[in-house]
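Here is the structure we will look at.
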Amino acid sequence: MAEHQLSKTFPVKPKLKPKPRTQKQTPESKYWSSFKSQQIPNLISSITSLTFSNTPSRPFAATHSASLTIFSSQTFSTTTTITSFSDVVTSASFRCDGLLIAASDLSGLVQVFDIKGRTPLRKLRSHSRPVRFVQYPFADKLHLVSGGDDALVKYWDVAGETPISEMRGHKDYVRCGDCSPVNSEMFVTGSYDHTVKLWDVRVADSKSAISINHGYPVEDVIFLPSGGLVATAGGNSVKIWDIIGGGKMLCSMESHNKTVTSLCVGKMGKDSGEESQQYRIMSVGLDGYMKVFDYAKMKVTHSMRFPAPLMSVAFSPDSSTRVIGTSNGIIYAGKRKTKEEAEEKKDLGGFMGFGTVEEPEVRALKSSYVRYFHRGQGEKPAEGDYLVMRPKKVKLGKHDKLLKKFRHKEALVSVLGGKHPGNVVAVMEELVSRKKLLKCVMNLDTDELGSLLMFLHKYSTVPSYSALLMGLTKKVLELRVEDIKASVPLKGHIRNLKRSVEEEIRIQQSLLEIQGIISPLLRLAGRR
């Protein structure tokens, strides 16, 4: 009777494989990593704020020391520098048409400038303490919102240089604010009294419509694009609140190790597909990390480390540029190529008078060409080609061939003499599944048993193999105790095995003692 042959044979492999140290990069991580960072140095001091204009050219402004600098988002070169300030500039905001920009400083003054000039068009004086934020409302060219260390929030008539209304309610410094993207008469402010308040200028008594307790001094607050959600930053946490639902907290992200200093929201710049309409929250902190937060899935999708504490972050409306300001006066500006730029680069020759550069046309291969029969494996198939897949020949090792012939003991002995512990464990696992491992152990002679005990001495305490090998060690001692007592070399292997097991036990006891010391400290740190 002919011997039964299996149709397919695969080499045995160990089931327990170590996990890779570096995780596979997700598509979203690849997207955010595609923003190649370029340093803009020599800005003297900390970058207190960054903001983009809504105009098609997308310039951005940075406040640092007693200066306001406007940069081109295409070349990252300086276009305008305004120095008409008597103290440190804290905040800036472009008007919706991009023609004017408002800036505040620590002297308590709010000034409005023409983007191309350096002389202030308006000077708004009313705050008695430093002004920490100023912003133009959404689609409003005539008013401004400001807040400062006098715990007051003011709504300004820019043309008349007078405050229309004064909001009182905060009990400490007002450090940040943002205007609603759907209503120019509503805005939120954050204060060091741990609260975030929603204001409506149409309310007669100037009281806040909603008050939220963040739990930490609030460093930044932003509206999300829908206008019904607000994100707040304070301490090491970023929280999202439902304004329409009365100020209910939806989630809290605590992935930063130090204080979160700034927030911004950006749209995924995909050209098509579901991700083209998704928004992300970007947060930066004193720990030097920038985190990207998907608030639809409530998880952090990307993280990036910088060599200095981060103070501000901004993302362009067209999703092409990201800028991050540090405490040492450096801006990390990242730009991502768009389809329009690729087309402009392609047509650059036409603009220079040399004509457009066209790619050479590749001739279609036909069976009458010699090159058709010498294409090689690297040739990519055409749309109409029929692929004949040739199965790869499986290369079997010596132990695989012996297992295929059911010579179990010889297979085990062959791998014990090799240098690959993974192959030994794989053969043992295969013999366990065939219920032949203990029978093989019983049939080993003295030299082969010595090789097995030497292998157990080396690898029985390795975490990847210990689950199988420790149980096998116990069975070997029970089955071959008489042979071990009668042989001096086998007794030496047993002594070595005993020493390695005792050393592993001592290590485990030390680790448990360290765990007992650290775990109460971690619980205390988690309560804070």
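The values are calculated or read from the model by the stated rules, or taken from the named source; none is laboratory data. Computed from a predicted model, the values in this text were never measured in an experiment. Backbone-built Cβ (ideal geometry, glycine too); neighbour counts: all protein chains shown. Accessible surface is based on the protein model in full, side chains and every heavy atom, while ligands, DNA and RNA are left aside. Shrake-Rupley method; radii C 1.70, N 1.55, O 1.52, S 1.80 Å.
So which residues in the stretch 394-422 are touching a residue at least 40 places away in the same chain (Cβ under 8 Å) and not hydrophobic (A, V, I, L, M, F, W, C)?
Matches in the stretch 394-422: Lys395, Gly397, His399, Asp400, Lys404, Pro421, Gly422.
With respect to Ala62, is the statement that it is within 17 Å of Val313 (Cβ to Cβ), in a strand (DSSP E or B), touching a residue at least 60 places away in the same chain (Cβ under 8 Å) and not charged (D, E, K, R) true?
Criteria met by Ala62.
List the number of the failed condition for Ala139; all other conditions in (1) in contact with a strand residue (DSSP E or B) (Cβ under 6 Å, 6 or more places away or on another chain); (2) under 22 Å from Val265 (Cα atoms); (3) aliphatic (A, V, I, L, M) hold.
Here Ala139 clears every test but (1).
Yes/no per residue for (1) over 25 Å from Gly334 (Cα atoms); (2) open to solvent by less than 30 Å² (accessible area, probe 1.4 Å); (3) not in a loop (DSSP other than H, G, I, E, B):
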{"position": "Thr79", "(1), (2), (3)": "no, no, yes"}
{"position": "Asp87", "(1), (2), (3)": "yes, no, no"}
{"position": "Asp97", "(1), (2), (3)": "no, no, no"}
{"position": "Val110", "(1), (2), (3)": "yes, yes, yes"}
{"position": "Arg118", "(1), (2), (3)": "yes, no, no"}
{"position": "Arg129", "(1), (2), (3)": "yes, no, no"}
{"position": "Lys141", "(1), (2), (3)": "yes, no, no"}
{"position": "Lys154", "(1), (2), (3)": "yes, yes, yes"}
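Looking at the stretch 145-158 only, could you name the residues that are within 15 Å of Arg122 (Cβ to Cβ), of a type in the set (A, V, I, L, M, F, W, C) and touching a Lys or Arg at 6+ places or on another chain (Cβ under 8 Å)?
Within the stretch 145-158, Val145, Val158 meet the criteria.
List the pairs whose first member sits in the stretch 505-523 and is part of a helix (DSSP H, G or I), whose second member is of a type outside the set (D, E, K, R), and whose Cβ atoms are under 9 Å apart, counting only residues at least 6 apart or on separate chains?
These pairs meet every condition: Ile507/Thr461.
List the number of the failed condition for Gly418; all other conditions in (1) in contact with a helix residue (DSSP H, G or I) (Cβ under 8 Å, 6 or more places away or on another chain); (2) surrounded by fewer than 19 Cβ atoms within 10 Å (Cβ to Cβ); (3) part of a helix (DSSP H, G or I); (4) not basic (Lys, Arg) hold.
Only one criterion in (1) in contact with a helix residue (DSSP H, G or I) (Cβ under 8 Å, 6 or more places away or on another chain); (2) surrounded by fewer than 19 Cβ atoms within 10 Å (Cβ to Cβ); (3) part of a helix (DSSP H, G or I); (4) not basic (Lys, Arg) is unmet by Gly418, namely (3).
Which residues, taken from the stretch 167-194, are part of a strand (DSSP E or B) and surrounded by fewer than 18 Cβ atoms within 10 Å (Cβ to Cβ)?
Arg168
Restricting attention to the stretch 434-475, which residues are assigned to a helix (DSSP H, G or I), more than 15 Å from His399 (Cβ to Cβ) and of a type in the set (Gly, Ala, Ser)?
Once the filter is applied, which keeps residues that are assigned to a helix (DSSP H, G or I), more than 15 Å from His399 (Cβ to Cβ) and of a type in the set (Gly, Ala, Ser), the stretch 434-475 yields Gly450, Ser466, Ala467, Gly471.
Scan the stretch 159-166 and give yes if some residue there is more than 19 Å from Ala314 (Cα to Cα), in a loop (DSSP other than H, G, I, E, B) and free of Cβ contacts under 8 Å to residues at least 12 places away in the same chain, otherwise no. I'd like the intermediate steps shown before the answer.
Taking the stretch 159-166 and keeping what is more than 19 Å from Ala314 (Cα to Cα), we get 159-166.
Filter again for in a loop (DSSP other than H, G, I, E, B), leaving 159-161.
Right, trim to free of Cβ contacts under 8 Å to residues at least 12 places away in the same chain and you get 160.
Yes.
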